[in-house]
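Notes to accompany the following structure.
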Amino acid sequence: MLQVKELSFSYDVRPILSDINFTVSKGEHVSIIGESGSGKSTLLKLLYGEFDLDYGCVYWKDTQILGPKFNLVIGYDFIKYVAQEFDLMPYISVEENIGQFLSNFYPEKKQTRISELLEVVELSDFAKTKISLLSGGQKQRVALARALAKEPELILFDEPFSHIDSFKKHRLRRRLFKYLKEKEITCILATHDNEDVLGYSDRILVLDDCKITTSGTPEELYFNPVKPLIAAFFGEFSIIKNEIIYANQLKVVEQSNLKVTVINSYFKGNYYLIEAELDGKTIYFNNKTTIENKSEMFLEVIK
Ligand code: ADP
Ligand code: MG
């Protein structure tokens with residue numbers, strides 16, 4: 001379906017992306033992760049045809065995605081791109097924005113579609129509200145609904161939940177990804193939040209140093225993170241004897257050869273994250289209870 005071959009791009013002289021290769025099949029959900037500035041947004045924009053490539057090509061089925069040098073109007077009907085900065089029309093209502101790209105030819109059908117989308121993003125009560133009166137998170141939800149309105153074949157999300165408060169986030173994610181799977185809409189998502197990925201993405205691509213350095217299912221990358229950058233995406237970890245160990249892989253035992261001194265405990269809900277010192281290095285482990293600072297204890301790695 002989507003084919004990216006030997007893609008290279010720079011805004012000026014500094015390479016941003018170099019020799020990027022991957023394919024995405026119909027209905028698949030792929031996440032692109034990487035540090036801020038690693039080129040996630042740039043890659044999504046290239047997949048949409050916002051810039052011309054320096055080298056390589058992008059195909060959706062048989063259509064080559066081309067940039068502004070070859071296209072008068074940027075973008076393609078079958079792709080929707082939801083930018084980090086959403087450009088809604090501020091002085092018209094939520095429902096008018098969502099319906100912006102829907103035909104007025106069948107007004108009833110249009111209204112049904114808008115109501116369905118308002119439900120997906122939980123904004124039914126705000127249908128008639130002007131965009132300018134909404135919070136950042138509500139605007140982001142309108143942008144998501146508008147992108148879905150015409151059922152694109154491919155949807156590109158750039159940190160789609162970054163402005164949405166955590167009260168709403170979890171439920172919205174579940175609804176949205178379920179909706180995309182039901183409609184078999186292919187989805188590529190750039191994010192630095194593991195909660196956007198775990199449980200939803202079929203595959204992760206890791207962008208680092210201008211390249212896709214690693215790819216795999218969320219499970220594969222979690223259980224074999226290869227490098228600290230990837231482990232950091234999943235949670236707190238330490239490097240002990242050159243191995244990446246997650247905080248939940250360490251437990252307190254009576255006696256062992258890992259003797260640590262506790263520095264601090266942080267409440268995390270159903271556990272505490274304990275910061276401790278091991279041979280002059282800071283390490284992290286999870287514990288059921290808080291532990292008094294400066295206590296000495298022994299840890300064991302559980303795998
Ligand atoms: P990410 O989304 O992973 O944070 P971006 O794709 O936004 O990364 O940016 C990648 C690099 O490209 C950064 O170094 C950024 O400063 C640079 N960059 C982004 N947009 C532009 C632009 N329009 N012109 C020049 N440089 C840019
Ligand atoms: Mg970005």
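Peptides 10-21, 100-111 ordered by packing proxy, namely the average of other Cβ atoms within 10 Å per residue, highest first: 10-21, 100-111. Were the residues from Asp77 through Arg174 laid out at 0.36 nm apart, the gain over their Cα-Cα distance would be 32.3 nm. Partner aspartates and glutamates whose Cα lies under 15 Å from the Cα of Lys268, excluding those fewer than 8 positions away in the same chain, are identified as Glu236. Think of each Lys and Arg Cβ as +1 and each Asp and Glu Cβ as -1; about the Cα centre, that makes the dipole of region 103-190 roughly 180 debye. Just so you know, the Cα atoms of region 234-303 work out to an Rg and Dmax of 10.8, 30 Å. Given axes a ≥ b ≥ c from the Cα gyration tensor, I'd like to know whether region 140-194 is rounded (a/c under 1.5), prolate (a/b larger than b/c) or oblate. It is prolate, given that a/c is not under 1.5 and a/b is the larger ratio.
Between Trp60, Ile16, Gly49, the Cα set farthest toward the positive side of the dipole of region 1-65 (charges on each charged residue's Cβ, about the Cα centre) is that of Trp60. Placing a label point 7 Å from the Cα of Phe105 along the Cα-to-Cβ direction, the residues of region 135-168 whose backbone N falls under 18 Å of that point are 149-152.
Given R0 = 45 Å, the distance between the Cβ atoms of Glu96 and Glu243 translates into a calculated FRET efficiency of 0.20. Normalising by residue count, the chain has a Cα convex hull of 162 Å³ per residue. Only helices enter the 222 nm calculation for the chain: every DSSP H run of n ≥ 4 contributes -39,500 (n - 2.57), and dividing by all residues gives -7000 deg cm²/dmol, rounded to 500. Using the Kirkwood radius over Cα pairs, work out the Stokes-Einstein diffusion coefficient for region 101-221 at 4 °C and 1.567 mPa s, in µm²/s as a whole number. Answer, rounded: 82 µm²/s.
The angle between the Cα long axis of helix 166-182 and the main principal axis of the chain comes to about 60°, on a 0 to 90 degree scale. With N as its number of residues, region 174-303 has a Cα radius of gyration that, divided by 2.2 N^0.38 Å, comes to 1.26.
Were the residues from Thr129 through Lys150 laid out at 0.36 nm apart, the gain over their Cα-Cα distance would be 5.4 nm. Partners of Lys5 within straight-line reach, counting aspartates and glutamates whose Cα lies under 19 Å from its Cα and excluding those fewer than 8 residues away in the same chain: Asp19, Glu28, Glu50, Asp52, Asp54, Asp62, Asp208, Asp209. Ranked by the mean number of other Cβ atoms within 10 Å of their residues, highest first, the peptides 142-149, 291-298 fall in the order 142-149, 291-298. Taking the Kirkwood radius as Rh and the Cα radius of gyration as Rg, region 27-113 has a ratio of Rg/Rh equal to 1.03.
Once the chain from Glu300 to Asp19 is taken as fully extended at 0.36 nm per residue, the excess over their C-alpha distance is 97.0 nm. Bridge orientation summary for the chain: considering DSSP beta bridges with both residues in this region, about 70 percent are antiparallel. Indicate the gyration tensor shape class of region 186-260 (rounded, prolate or oblate), computed on the Cα atoms with a ≥ b ≥ c the square roots of the eigenvalues: a/c under 1.5 is rounded; otherwise a/b larger than b/c is prolate and the rest oblate. Prolate.
For the set Lys40/Lys303; Lys80/Lys130; Lys61/Lys178; Lys181/Lys288; Lys26/Lys130; Lys183/Lys211, the pairs lying more than 26 angstrom apart at their alpha carbons are Lys40/Lys303; Lys181/Lys288; Lys26/Lys130; Lys183/Lys211.
We did not get these values from a lab; they are worked out from the coordinates using the rules stated. Because the structure is predicted, anything quoted here is derived from the model rather than measured. Virtual Cβ from ideal backbone geometry, glycine too; neighbours counted across all protein chains shown.
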